[in-house]
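Values quoted throughout were computed directly from the atomic coordinates according to the rules given, and no laboratory measurement underlies them. What you are looking at is a predicted structure, and each value in this text was computed from that prediction instead of being measured. Cβ atoms come from the backbone with ideal geometry, glycine included; neighbour counts cover every protein chain shown.
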Amino acid sequence: MHDLDQERVAREIKERNATRVLLQLPDGLRPTAFTLAQRLTEQTGAEIIISGDSCYGACDLALTQAQTIDADLIVHYGHSPMIESETPVLYVEAAYDFDAPALTEKALPLIRDWDGVGLTTTIQHIHRLQEVADTLQAHGLRTAIGTGATTHPGQILGCDYTAARAIAEDVEGYLHIGAGRFHPLGLAATTGKPIATANPYTMEAKLLPEKEVIRLAMKRMAAINAAKNAQTWGILVSTKPGQRHIPQARRLQRLLTEHGRHATIILLDEITPHTLANFTEPQAYVDTACPRIALDNPPDPTRPTLTPNETLITLNQKTWETTWAQGYLETD
Ligand code: SF4
């Protein structure tokens, strides 16, 4: 179970004299949102309103909703601070506890021969990362935990691997503590190193298959090539506070125009097949919002959706060789 830290949240609400609180939870924590809201109401007397919109990351902070209801506090679960906010925000990590030494032992056979192991994880497991390092060191492995733009050393996001990149030269591969393929694939695309994953929910460890990384690279190369002939481009900008990259969108618009393309900015909250369905003119999209939309969930299979870096490759401003596995998801 994730630790919802209910006592601390109630204490903070009271100490801050908050009377109207917007509660924001990612999808995985919503099954218990009503119970949490009810208990916080009982403990604090504050009005607790649940945000029902998306909560993909700290980039998706519900600032507009908070203003709409005149909230004096946002309680945001599952992520760590990313953006400034006028409305006070209480971040709750929703830590998930696990037996770090036991899980590390499972990963050991996969990484035993590596000359240096970089450690990464997400916010839910960050509290156990040093224990993972200690266990590996006890087995004679050299470990490194990098510091990047994220809140904690070793912490990565789907769009931010700076903590991993900071130690890339010191390690042969990475052990990522977390579930699923989302972060490991991003880590591979950004660093080009082998990735082992240790899943605290299943207590299993695996290597990320190289064929999955190659498949992703081939898909991205195909999208870049397909976009080369596109004359009309839609530049997607999200209104989500941490994805609102308007200056970057304008720079890309200028660049595309200088290269003889027609480029128009489309501003929207959610980039989905549904929200783009009626724009029939663009032959390609640039996604300046969450880069994982282009990589993992392109809104239209018939038209390429590129990240800003991929757009620069299309326009011969960057090369594939100097971008793939070298900060592929980072933008200037
Ligand atoms: S921009 Fe995308 S990957 Fe980055 S935090 Fe937001 S949802 Fe996650």
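Taking each of Lys211/Lys240; Lys206/Lys240; Lys240/Lys318; Lys14/Lys240 in turn, the alpha-carbon distance tops 31 angstrom for Lys211/Lys240; Lys206/Lys240. For region 59-155, chymotrypsin sites (Phe, Trp or Tyr not before Pro) meeting the loop criterion (DSSP other than H, G, I, E, B) and having at most 15 other Cβ atoms within 10 Å: none.
Within the chain, what's the longest run with no GluC sites (Glu not before Pro) in a DSSP loop and at most 14 other beta-carbon atoms within 10 Å? Give the range, please. No qualifying site falls inside 173-320, the longest such stretch.
Extension gain for Ala149 to Asn229 (0.36 nm times residue separation, less C-alpha to C-alpha distance): 25.2 nm. Starting from 0.36 nm per residue, how many nanometres of slack lie between Gln317 and Lys211 once their C-alpha separation is accounted for? Gain in length upon complete extension: 35.3 nm. Computed from the C-alpha gyration tensor, the three semi-axes of the ellipsoid equivalent to region 212-314 are 18, 16, 13 Å, from longest to shortest. Within region 222-292, the trypsin sites (Lys or Arg not before Pro) that combine a DSSP coil assignment with at most 15 other C-beta atoms in a 10 angstrom radius are Lys228. How far is the Cα center of region 135-181 from the Cα center of region 225-268, in Å? After rounding, the separation between the Cα centres reads 32 Å.
Within region 163-223, the chymotrypsin sites (Phe, Trp or Tyr not before Pro) that combine a DSSP coil assignment with at most 15 other C-beta atoms in a 10 angstrom radius are Tyr201. Where a ≥ b ≥ c are the square roots of the eigenvalues of the C-alpha gyration tensor, would you call the chain rounded, which needs a/c under 1.5, or, failing that, prolate if a/b is larger than b/c, or oblate? Verdict is oblate for the chain.
Once you reduce region 270-332 and region 3-63 to the center of their Cα atoms, the two points are 34 Å from each other. In percent, rounded to a whole number, the relative contact order of the chain is 13, using alpha-carbon pairs under 8 Å and six or more apart. Going by a ≥ b ≥ c, the root eigenvalues of the Cα gyration tensor, does region 35-102 fall in the rounded group (a/c under 1.5), the prolate group (a/b larger than b/c) or the oblate group? The shape class here is oblate.
Comparing Pro273, Leu312, Pro291 along the charge dipole axis of region 196-332, the residue lying farthest to the positive side is Leu312, per the Cβ-charge model. Which residue fluctuates most in the GNM of the chain (Cα springs below 10 Å): Gly180, Gly57, Gly148? Sorting by GNM fluctuation, first place goes to Gly180. A Gaussian network model of the chain, with springs between Cα atoms under 10 Å, assigns the largest mean-square fluctuation among Thr87, Thr280, Thr150 to Thr280.
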